[in-house]
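The values are calculated or read from the model by the stated rules, or taken from the named source; none is laboratory data. Given the structure is predicted, the values throughout are model-derived calculations rather than measurements. Neighbour counts run over all protein chains shown; Cβ positions are idealised from the backbone, glycine included. Only protein heavy atoms, including side chains, enter the accessible area calculation; ligands, DNA and RNA are left aside. Shrake-Rupley method; radii C 1.70, N 1.55, O 1.52, S 1.80 Å.
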Amino acid sequence: MAGVRSRNESAWLLPDDGRRTNHRLRRDMRRFADDDELDLVVVGCGAGGSVLLQRLARAGWRVAALDAGPFWDPDADWVSDEAGSHHLYWTEPRVIAGTDPVPMGSNNSGRGVGGSMIHYAGYTPRFHPSDFMTCRLDGVGADWPIGYGELRPYYEQIEQELPVAGERWPWGHAHGYPYRPHPVGGNGEVFLRGARKLGITAKVGPVAIANGRFGNRPHCIYRGFCLQGCKVNAKASPLITHIPDALARGAEVRPDAMVTGVAVDERTGRATGVHYLSRGKERFQRAAIVAVAGYSIETPRLLLNSACTRFPDGLCNDFDQVGRYLMVQGAPQTAGRFDAEVRMYKAPPPEVSSEDFYETDPAKDYKRGFAIQNVSPLPITWAEHVAAQGHWGATLREYMSDYVHWACLGGLCEFLPQPGNRVTLAEEKDRHGLPVARFAYSQCDNDRALMRAAQSVMEDILRAAGADEVITIQRYAHLVGGARMAADERRGVVDGRCRSFAVPNLYITDGSVLPTQGSANPALTIMAVAARAADQLIGAARGGPN
Ligand SMILES: Cc1cc2nc3c(=O)[nH]c(=O)nc-3n(C[C@H](O)[C@H](O)[C@H](O)COP(=O)(O)OP(=O)(O)OC[C@H]3O[C@@H](n4cnc5c(N)ncnc54)[C@H](O)[C@@H]3O)c2cc1C
Ligand code: SF4
């Protein structure tokens with residue numbers, strides 16, 4: 001614990017008097033003027049942006065992060081209520097297309113300081129070593145310019161900083177977690193029971209939820225509102241795990257600041273800062289280095305919207321790579337009914353998972369694999385699950401009255417990166433007059449085969465646990481890619497250090513840079529990649545950024 005605190009003091013900077021926010025820290029934070037040339041400005045204060053900000057502030061850099069959304073105060077802004085939490089999502093217009101269009105809104109990204117991790121579930125598995133070389137191993141997907149070994153120390157750091165609780169993990173590169181696993185609720189028990197009967201290994205965790213007090217953060221109280229923002233502060237998000245330390249070390253966080261373009265000096269080809277809108281006013285923040293971390297849809301959109309004479313097709317888009325290879329995970333959700341009460345809402349939705357099906361199985365007719373985790377939809381999401389089966393009116397009401405008897409599992413299938421799955425700019429404009437993102441998505445045969453396989457295993461597990469009825473819906477989760485890292489500029493947008501090939505002082509440090517996604521939830525990997533990029537930047541600056 002002492003080691004974590006010397007690296008990141010966030011948990012100790014939160015108040016210990018029952019409130020969730022250190023208002024003094026926010027009130028007294030350093031504020032830079034627009035015409036101060038920052039060492040680095042970050043666009044987006046979510047998983048990737050916040051880690052970068054905190055690391056650079058610690059290294060003495062003059063840094064600020066601009067976020068389009070608010071600086072959340074869990075006491076004032078969040079409610080433990082499903083219907084009352086829609087303001088946490090990025091609901092600005094986006095156009096969807098392709099043969100399998102991906103619905104936008106609550107299912108993909110958040111807004112405001114903390115980003116999508118404010119309403120993420122809290123699962124934090126690592127990627128497997130194979131995820132970094134799927135092309136070499138399995139002939140599909142892409143190889144990263146870095147390997148698991150290069151991310152491993154950063155996985156370990158971030159797992160301590162969140163901190164993560166879970167059983168020893170036998171899959172991928174076997175490892176342990178800093179905190180012991182949480183007690184398991186009814187839904188997790190069903191999963192463990194069914195898996196045991198079928199000889200499937202299932203483990204408790206890994207979740208970024210405090211199991212015991214961590215600094216001034218209280219432990220989880222098992223009320224199950226993790227996807228509504230965790231008013232308790234037990235579930236990790238950058239708002240509480242990285243921003244307090246960043247502020248204490250001299251960083252500025254500028255909320256309600258929508259970045260509309262990255263400016264480039266036409267003569268030198270270097271980024272000079274960012275244009276942004278704040279309280280209806282157009283402003284410009286100067287910076288020696290720009291890092292974009294606005295999420296897999298907004299990052300490519302911003303690069304495309306930053307077209308200029310030198311980059312007429314969009315920033316860093318000379319080789320038509322921006323926006324391509326965007327990935328979602330196929331996330332079928334299977335529910336099973338039990339005579340005994342399960343009460344799946346009475347615990348965090350992330351509890352138990354299995355990665356037995358993660359790697360390519362040569363006996364199957366598809367490549368790569370899927371993970372299974374338990375998910376615990378609250379009543380509105382449960383109603384959506386039931387309604388998607390065609391139940392309506394009196395039958396829907398019956399299913400809803402039966403809610404406490406249902407358990408639910410979710411699959412995460414590794415959909416493959418494809419060049420045609422991409423963000424481009426639509427004709428439609430947003431309320432600021434900026435072209436909105438058009439996101440086209442089409443599944444390939446391998447993706448569909450994985451969905452079927454995951455559904456079949458989940459149905460088997462629930463039946464083996466004693467379910468008398470199972471119902472499945474098809475969903476998507478977790479967008480990554482769109483500005484991927486690669487060995488060269490013809491295959492991607494940034495290099496292994498997250499530096500763009502086209503603009504030497506422009507970095508991308510969010511989920512957009514991931515070339516593959518495995519079957520793991522991505523937040524931990526996004527943070528680890530950002531932490532590594534920060535170290536490389538600090539190292540390259542050798543005592544001071546230039
Ligand atoms: C319902 C749900 C559950 C999830 N559960 C899990 C889970 O259990 N485990 C897991 O690992 N992952 C989970 N995820 C995914 C995870 O939260 C995201 O993958 C991750 O947070 C993405 O990180 P990021 O840095 O790419 O972007 P984000 O964290 O989304 O941060 C982007 C930030 O940029 C800001 N922004 C965007 N555009 C601009 C602009 N132009 N100007 C200024 N600011 C801008 C946004 O307001 C936002 O704060 C879940 C996601 C959802 C929606
Ligand atoms: S179940 Fe635990 S982590 Fe989830 S919202 Fe409640 S206190 Fe937070």
Q: Report whether or not residue 90 is within 25 Å of residue 436 (Cβ to Cβ), touching a residue at least 40 places away in the same chain (Cβ under 8 Å), within 12 Å of ligand 1 (Cβ to nearest atom) and out of contact with any helix residue (DSSP H, G or I) (no Cβ under 7 Å at 6 or more places or on another chain).
A: yes
Q: Exactly one condition in (1) assigned to a loop (DSSP other than H, G, I, E, B); (2) within 14 Å of the chain's Cα centre (by Cα); (3) at negative phi is not met by residue 518; state its number.
A: (3)
Q | Residue within segment 436-451 that is part of a loop (DSSP other than H, G, I, E, B) and farther than 25 Å from residue 472 by Cα present | A | no
Q) Out of curiosity, is residue 340 closer than 30 Å to residue 455 by Cβ, open to solvent by 10 Å² or more (accessible area, probe 1.4 Å), assigned to a loop (DSSP other than H, G, I, E, B) and of a type in the set (A, V, I, L, M, F, W, C)? A) yes
(Q) If I go through segment 345-370 residue by residue, how many of them are assigned to a loop (DSSP other than H, G, I, E, B) and within 16 Å of ligand 1 (Cβ to nearest atom)? (A) 8
Q) In this structure, does residue 457 turn out to be in a loop (DSSP other than H, G, I, E, B), more than 25 Å from the chain's Cα centre (by Cα) and of a type outside the set (S, T, N, Q)? A) no
**Q.** Subset of segment 228-275 [within 21 Å of residue 500 (Cα to Cα) and within 16 Å of ligand 1 (Cβ to nearest atom)]
**A.** 259, 260, 261, 262, 263, 271, 273, 274, 275
Q: Just give me the residues in segment 490-519 being open to solvent by less than 10 Å² (accessible area, probe 1.4 Å), more than 17 Å from residue 150 (Cβ to Cβ) and either touching a Lys or Arg at 6+ places or on another chain (Cβ under 9 Å) or more than 12 Å from ligand 1 (Cβ to nearest atom) (or both), in sequence order.
A: 493, 500, 503, 505, 506, 508, 512, 519
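Yes or no, residue by residue, for (1) of a type in the set (Lys, Arg); (2) modelled with pLDDT of 95 or more; (3) more than 15 Å from the chain's Cα centre (by Cα):
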| site | (1), (2), (3) |
| --- | --- |
| 119 | no, no, no |
| 131 | no, yes, yes |
| 150 | no, yes, yes |
| 155 | no, yes, no |
Q) Given 487, 483, which one is open to solvent by 10 Å² or more (accessible area, probe 1.4 Å), more than 16 Å from ligand 2 (Cβ to nearest atom) and assigned to a loop (DSSP other than H, G, I, E, B)? A) 487
Q) What residue, of 500, 519, 512, is more than 30 Å from residue 164 (Cβ to Cβ), of a type in the set (S, T, N, Q) and modelled with pLDDT of 95 or more? A) 500
Q) Which ones in segment 113-159 are more than 26 Å from residue 360 (Cβ to Cβ), away from ligand 2 (no atom under 16 Å from the Cβ), touching a Leu at 6+ places or on another chain (Cβ under 8 Å) and assigned to a helix (DSSP H, G or I)? A) 158, 159
**Q.** Looking only at segment 128-157, and only at residues there that are under 20 Å from residue 492 (Cα atoms) and within 16 Å of ligand 1 (Cβ to nearest atom), the one that is surrounded by the fewest Cβ atoms within 10 Å (Cβ to Cβ)
**A.** 151
Q. Can you tell which of 366, 358 is open to solvent by less than 20 Å² (accessible area, probe 1.4 Å), away from ligand 2 (no atom under 16 Å from the Cβ), closer than 30 Å to residue 193 by Cα and modelled with pLDDT of 95 or more?
A. 358
Q: Sort out for me the helices (runs of 4 or more DSSP H) sitting completely within segment 160-272 that have 2 or more residues that are over 23 Å from the mean Cα position of the chain (by Cα) and among the basic types (Lys, Arg).
A: 186-198
Q | Which listed residue, of 168, 223, is more than 16 Å from ligand 2 (Cβ to nearest atom) and of a type in the set (Lys, Arg) | A | 168
Q: Considering every residue within segment 194-210, establish whether at least one is touching a His at 6+ places or on another chain (Cβ under 6 Å) and modelled with pLDDT under 95.
A: yes
Q | Residues (over 22 Å from residue 353 (Cα atoms) and open to solvent by 50 Å² or more (accessible area, probe 1.4 Å)) located in segment 203-254 | A | 213, 231, 248, 249
Q: Report yes if some residue within segment 195-202 is touching a helix residue (DSSP H, G or I) at 6+ places or on another chain (Cβ under 9 Å), open to solvent by less than 20 Å² (accessible area, probe 1.4 Å) and either within 12 Å of ligand 1 (Cβ to nearest atom) or at positive phi (or both); otherwise report no.
A: no
Q) Limited to segment 398-411, what total is found for residues that are open to solvent by 10 Å² or more (accessible area, probe 1.4 Å) and of a type in the set (A, V, I, L, M, F, W, C)? A) 2
